[in-house]
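Trainee: Here's a structure for you.
What follows draws every value from the coordinates through simple rules; no lab data is involved. Nothing here was measured: the structure is a model prediction, and the numbers come from that model. Cβ atoms come from the backbone with ideal geometry, glycine included; neighbour counts cover every protein chain shown.
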Amino acid sequence: MGADDQPARRPGAAAQARPPVTVTVQVGSTIEAYVFDDRTTAVVGRAPACGIRIADERRRVSRYHCLLDVNPPTVRVRDLGSRNGTRVNGQPIDGERELGHGDEVRVGPATLRITIPEDRTPAATAPADPDPGRALPALLAAAAHGSPGLDDFGEHRVLHEIGRGGQSVVYLARHEPSGRIVALKTLLADRAVDPAARDGFLREFACTRGLRHPNVVALHSGGSAGTAFFFTCEYCPGGNVAELVARRGGRLTLDEAVPIALDALDGLAYAHRAELPVTLADGRTAVSHGLVHRDITPPNLLLTTGAGGGTVTKIADFGLAKAFDQAGLSGHTRTGAIGGSIAFQARTQLIDYKYARPEVDLWALTACLYWMLTGTTPRDFPAGTDPIAVVLRTRPVPVRQRLASVPPRLAAVIDEMLVDNPRVPATTAPELADALRQAL
């Protein structure tokens, strides 16, 4: 893929009508307005890549000063360990702070004024930290009462739990009519679900379900009832790469790690170019040209046995966790949503999340290969430091500084791909796969 190529935004995830957040930036007599009508982040600072750039010859503004986490109609500000601090209504903040209509954020010589339509307020949230285990009983009860859209759910028999996260639980289940063993994942929204958000997420699921490739976990069915959602997918009995690395004592050999990366790159090559029919919010149909995962991590690389008896790697959760969050259903701030995977996210993805290109997946996959070989992430994250600030301000450590036995040609490919300042080197999944093969 060339430097200027980029897949279209997913039609299935087209922006819903949301009350926009307007940030008016004033420096002296210069005023500029930024309007945000969809979920995104914007870094504020002196660096050219910042979404809101503030020129300041006296350097009272840090290169990456603070971050705005926008989920209309809400907005939060997070100081990124700036030298001179970030102030809200004259008071310095420590960490994150939610902003309201009329609040003023002071960044060096700049004042950022927040405007939110006064007739719209965020949806009421459910109790903090809802138990994701409540989703399954809610879905079972709704299916028993004949709720629409749950016919397929009712055809599954749950066998036992096989994993859980902050807002989801995964069960091993059997589809009784076919006898097929599947993974059934339930998710619980943290708030009353807006119909537009529900429809947006289910359209995203329908789009992703069109992916069919030997190295992508196949999605089967999905639906929702109230605040509970579910989807079923192909079951991979070999677990995930993070679990494999743990079983191997913290690192994999070249012969184990590189085939995993090559399998995943085959899946990405397909997904980045896939043409998938989708249904728009107004009922029209369109074609989505390529999907970006945005969350390639060791736990999202699943292992199974292929037809020839060898191990096959499959990419899981192709954007669904991100779609759940993007629809505003998770209750996470953007920085909260990326907390567990930030070590595998390129700097450019943090700065420009909304328009992430395929190369952010390639960066993340290379970071996974680095981690499999060395047992360490490309960047160091010292205790007490802001992980976002670490990604924005530091460079990955050359892989041979972590593990001198990595072959020099392979190390050169890894180190080159992990450049993400000012952006990730433009390449494609097949090109990266070829480079890895030639290096070995």
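Trainee: For the chain, what is the percent of antiparallel DSSP beta bridges, rounded to the nearest 5?
Mentor: Close to 95 percent.
Trainee: With N residues in the stretch 168-229, what two-decimal value do you get for its Cα radius of gyration over 2.2 N^0.38 Å?
Mentor: Computed over Cα atoms of the stretch 168-229, the ratio equals 1.24.
Trainee: Among 295-302, 100-107, how do they line up by average Cβ neighbours within 10 Å per residue, starting with the highest? Let's see the in-between values first.
Mentor: Values: 295-302: 23.1, 100-107: 17.4.
Descending packing order for the listed peptides: 295-302, 100-107.
Trainee: Taking Rh as the Kirkwood radius, which is the inverse of the mean 1/r over Cα pairs, what is the Rg/Rh value for the chain?
Mentor: Answer for the chain: 0.97.
Trainee: For the stretch 52-57, take each phi angle, set θ = phi - 60°, evaluate the Karplus expression 6.51 cos²θ - 1.76 cosθ + 1.60, and give the result in whole Hz per residue in order, putting x for glycine and proline.
Mentor: 3J(HN,Hα) across the stretch 52-57, in whole Hz: 10, 9, 10, 6, 7, 5.
Trainee: When only C-alpha pairs under 8 Å and at least 6 residues apart count, what is the relative contact order of the chain, in percent?
Mentor: 15
Trainee: Need one number for the stretch 24-165: average projected area of the convex hull over its C-alpha atoms, nm².
Mentor: 12.8
Trainee: Sequence-distant or interchain residues sharing an amide H contact under 5 Å with residue 288, placed H: which?
Mentor: Answer set, sorted by chain and number: 276, 278.
Trainee: Further question on the same structure: Give a quick list of trypsin sites (Lys or Arg not before Pro) in the stretch 204-265 that DSSP marks as loop, anything other than H, G, I, E or B, with at most 11 other Cβ atoms within 10 Å.
Mentor: 212
Trainee: Based on the Cα gyration tensor of the stretch 181-304, what are the three equivalent ellipsoid semi-axes, each the root of five times an eigenvalue, rounded to whole Å and given largest first?
Mentor: Gyration-tensor ellipsoid for the stretch 181-304: 30, 19, 11 Å.
Trainee: Now a separate question. Restricting things to Cα coordinates, could you compute the convex hull volume per residue of the stretch 372-436 in Å³?
Mentor: 95
Trainee: Follow-up question, since we're still on this one. Can you find, among 224, 250, 236, the residue farthest towards the positive end of the dipole of the stretch 210-282? Put +1 on the C-beta of Lys and Arg, -1 on that of Asp and Glu.
Mentor: Comparing the listed Cα positions along the dipole, 250 ranks first.
Trainee: Where is the GNM fluctuation largest for the chain (alpha-carbon springs, 10 angstrom cutoff): 171, 64, 34?
Mentor: 34
Trainee: Another question, if that's okay. Once phi is turned into θ = phi - 60°, what whole-Hz ³J(HN,Hα) does the Karplus curve with 6.51, -1.76 and 1.60 give for every residue of the stretch 198-204, x standing for Gly and Pro?
Mentor: Values per residue, Gly and Pro as x: 4, 4, x, 5, 5, 5, 5 Hz.
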